[in-house]
1. Return a yes/no flag: does the range 31-40 have any residue that is surrounded by 13 or more Cβ atoms within 10 Å (Cβ to Cβ) and more than 31 Å from the chain's Cα centre (by Cα).
2. Say we look at the range 53-80 and pick out the residues that are more than 26 Å from the chain's Cα centre (by Cα) and under 30 Å from residue 8 (Cβ atoms); which of these is modelled with the lowest pLDDT?
3. In a helix (DSSP H, G or I) and at pLDDT below 90: is that true of residue 83 in this structure?
4. Looking at the range 42-52, can you tell me whether even one residue there is at pLDDT below 85, touching a helix residue (DSSP H, G or I) at 6+ places or on another chain (Cβ under 8 Å) and surrounded by 10 or more Cβ atoms within 10 Å (Cβ to Cβ)?
């Protein structure tokens, strides 16, 4: 198999675009349809007869898997959304409670004060 891009000059043969399944039969030299992003595989007609059932088999085998994943995704995405929303609400609530409690609590610590000499006592003269 030979890989060719759209807009490329090619010779006689059958060219297949795997992304959309489009088949181009070139009876002589010509230019393939599409731009640089379009890829064509040069393949004989017999090769196409072998590849087509294999692609169909893969489709039939994996379609139920894709369907189950879509259903599971439809269930899990909203559940995770609700759980994350509850978690964010809890974080905001706790943040509000702790910031309010932190503003109202005072420990009376004054770092500039020094209490190393003890209290002053009144001396009574007798």
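1. Scanning the range 31-40 turns up at least one residue that is surrounded by 13 or more Cβ atoms within 10 Å (Cβ to Cβ) and more than 31 Å from the chain's Cα centre (by Cα).
2. Only one residue fits best here, namely 55.
3. So residue 83 does not fit the description; no.
4. Within the range 42-52 (the criterion being at pLDDT below 85, touching a helix residue (DSSP H, G or I) at 6+ places or on another chain (Cβ under 8 Å) and surrounded by 10 or more Cβ atoms within 10 Å (Cβ to Cβ)), the answer is yes, since at least one residue qualifies.
Results for (1) touching a residue at least 24 places away in the same chain (Cβ under 8 Å); (2) surrounded by 10 or more Cβ atoms within 10 Å (Cβ to Cβ); (3) touching a strand residue (DSSP E or B) at 6+ places or on another chain (Cβ under 7 Å); (4) part of a helix (DSSP H, G or I), shown as yes or no for each residue.
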| residue | (1), (2), (3), (4) |
| --- | --- |
| 4 | yes, yes, yes, no |
| 61 | no, no, no, yes |
| 65 | no, no, no, yes |
| 69 | no, yes, no, yes |
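The values are calculated or read from the model by the stated rules, or taken from the named source; none is laboratory data. The structure displayed is predicted, hence computed values, not measured ones. Positions of Cβ are generated from backbone atoms using ideal geometry, with glycine treated the same way; all protein chains shown enter the neighbour counts.
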